[in-house]
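Participant: One structure, pasted below without further comment.
The values are calculated or read from the model by the stated rules, or taken from the named source; none is laboratory data. These numbers come from a predicted model, not from an experiment. Neighbour counts are summed over all protein chains in view; Cβ atoms, including those assigned to glycine, are modelled from backbone coordinates with ideal geometry. Surface areas here come from the heavy atoms of the whole protein model, side chains and all, with no ligands, DNA or RNA. Shrake-Rupley method; radii C 1.70, N 1.55, O 1.52, S 1.80 Å.
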Amino acid sequence: MTHVVHPYAQRIGILRGWKSRWFTRDRAKYQEFLRADTAVRAFLEKRLRGMYASTIEIERSNTELRVIIKSSRPGLVIGRSGEGTKKLKDELKKVIRKEGIQDDTNLRIDVEEIRSPESDAGVVAYMVAESLEKRLPFRRVLKQTIEKVIANRDVDGVRITISGRLGGAEMSRKEGLKRGQIPLQTLRSDIDFAREKAYLPYGVIGIKVWINRGEVFEGDDKNQK
């Protein structure tokens, strides 16, 4: 078994906050809320595929359930005159009801734009998956993506790893490329990490992306944001 720690989990409370933000002392309610969160995330990951959605955050209060979707192309999620979010809200309510959860809170969906897509690991991972699904050569995809990401001035290092039946080979293998520095054990380094899957006719290819967005110090503007 590997002893590698997830870069996001390692930095919770240091550089990052939690992706689900709510609290309850009632054990039964806690179980229901947790099931609802899991169902919402699983549904949105499938539903928003192709819309360049990177992060899904959930906030709860006594009266409101707020789902925050971060995407580099928010127009695809919102739709024409907000029709996309209205439809998404109705679908989410059905998903929560299907889980047998009686949730009377008001559901609200907020869509936030990712200003710099090349420095977001989730968006970059989907870009790689999309290129592989278009049957482009995997080495060219890795090289072009890494060059595009490292050209961003906010990025100090990038690493992309793909594994599976690369090029349709009978035996699966692992390939990767790295540029710059990825100091995983330096907790002040802002490391963004994401996993994605590319669905190809001969099998699924797994994709992992690490992006180093530089070091964050106390009192730094990036840290305050």
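Participant: State yes or no: is Ile182 outside any loop (DSSP other than H, G, I, E, B) and surrounded by 13 or more Cβ atoms within 10 Å (Cβ to Cβ)? First the steps, then the outcome.
Facilitator: Details: outside any loop (DSSP other than H, G, I, E, B): no; surrounded by 13 or more Cβ atoms within 10 Å (Cβ to Cβ): yes.
No: the conditions fail for Ile182.
Participant: Do we have Gly203 as modelled with pLDDT under 95, over 26 Å from Arg49 (Cβ atoms) and over 17 Å from the mean Cα position of the chain (by Cα) here? Walk me through it before giving the result.
Facilitator: Values: modelled with pLDDT under 95: yes; over 26 Å from Arg49 (Cβ atoms): no; over 17 Å from the mean Cα position of the chain (by Cα): yes.
No, not satisfied.
Participant: Going by the structure shown, is Arg195 part of a strand (DSSP E or B), modelled with pLDDT under 95, open to solvent by 80 Å² or more (accessible area, probe 1.4 Å) and out of contact with any helix residue (DSSP H, G or I) (no Cβ under 6 Å at 6 or more places or on another chain)? Working first, answer last.
Facilitator: Numbers: part of a strand (DSSP E or B): yes; modelled with pLDDT under 95: yes; open to solvent by 80 Å² or more (accessible area, probe 1.4 Å): yes; out of contact with any helix residue (DSSP H, G or I) (no Cβ under 6 Å at 6 or more places or on another chain): yes.
It is true that Arg195 is part of a strand (DSSP E or B), modelled with pLDDT under 95, open to solvent by 80 Å² or more (accessible area, probe 1.4 Å) and out of contact with any helix residue (DSSP H, G or I) (no Cβ under 6 Å at 6 or more places or on another chain).
Participant: Now for a separate question. Are there any pairs, at least 6 apart or on different chains, whose C-beta atoms fall under 7 Å, with the first in the range 142-160 and within 14 Å of Val123 (Cα to Cα) and open to solvent by 80 Å² or more (accessible area, probe 1.4 Å) and the second at pLDDT below 95 and part of a helix (DSSP H, G or I), and if so, which?
Facilitator: Hits for this filter: Lys148/Glu118.
Participant: So, in the range 58-95, how many residues would count as being surrounded by fewer than 17 Cβ atoms within 10 Å (Cβ to Cβ), within 15 Å of Phe33 (Cβ to Cβ) and modelled with pLDDT of 90 or more?
Facilitator: So the answer is 1.
Participant: While we're here: Based on what the data block shows, is Asp154 in a strand (DSSP E or B), acidic (Asp, Glu), at pLDDT below 95 and in contact with a helix residue (DSSP H, G or I) (Cβ under 6 Å, 6 or more places away or on another chain)? If you could, list the steps in order and put the result at the bottom.
Facilitator: On the way: in a strand (DSSP E or B): no; acidic (Asp, Glu): yes; at pLDDT below 95: yes; in contact with a helix residue (DSSP H, G or I) (Cβ under 6 Å, 6 or more places away or on another chain): yes.
Answer is no for this residue.
Participant: Does at least one position in the range 161-170 carry a residue that is under 18 Å from the mean Cα position of the chain (by Cα) and open to solvent by less than 70 Å² (accessible area, probe 1.4 Å)? Outline the logic, then answer.
Facilitator: Residues of the range 161-170 that are under 18 Å from the mean Cα position of the chain (by Cα), as a first pass: 161-162.
Remaining after also requiring open to solvent by less than 70 Å² (accessible area, probe 1.4 Å): 161-162.
Scanning the range 161-170, I find at least one residue that is under 18 Å from the mean Cα position of the chain (by Cα) and open to solvent by less than 70 Å² (accessible area, probe 1.4 Å), so the answer is yes.
Participant: What single numbered condition from (1) loosely packed, with under 14 Cβ neighbours inside 10 Å; (2) basic (Lys, Arg); (3) closer than 21 Å to Ile12 by Cα fails to hold for Arg188?
Facilitator: (1)
Participant: Let me ask another. What are the pairs with Cβ atoms under 7 angstrom where one residue, in the range 26-41, is open to solvent by less than 60 Å² (accessible area, probe 1.4 Å) and the other, located anywhere, is of a type in the set (Ser, Thr, Tyr)? Sequence gap at least six, or different chains.
Facilitator: Hits for this filter: Phe33/Thr24; Asp37/Ser20.
Participant: With the condition kept exactly as written, say whether any residue in the range 62-76 is farther than 22 Å from Ala194 by Cβ and in contact (Cβ under 8 Å) with a residue 60 or more places away in the chain.
Facilitator: Looking through the range 62-76, none of the residues is farther than 22 Å from Ala194 by Cβ and in contact (Cβ under 8 Å) with a residue 60 or more places away in the chain.
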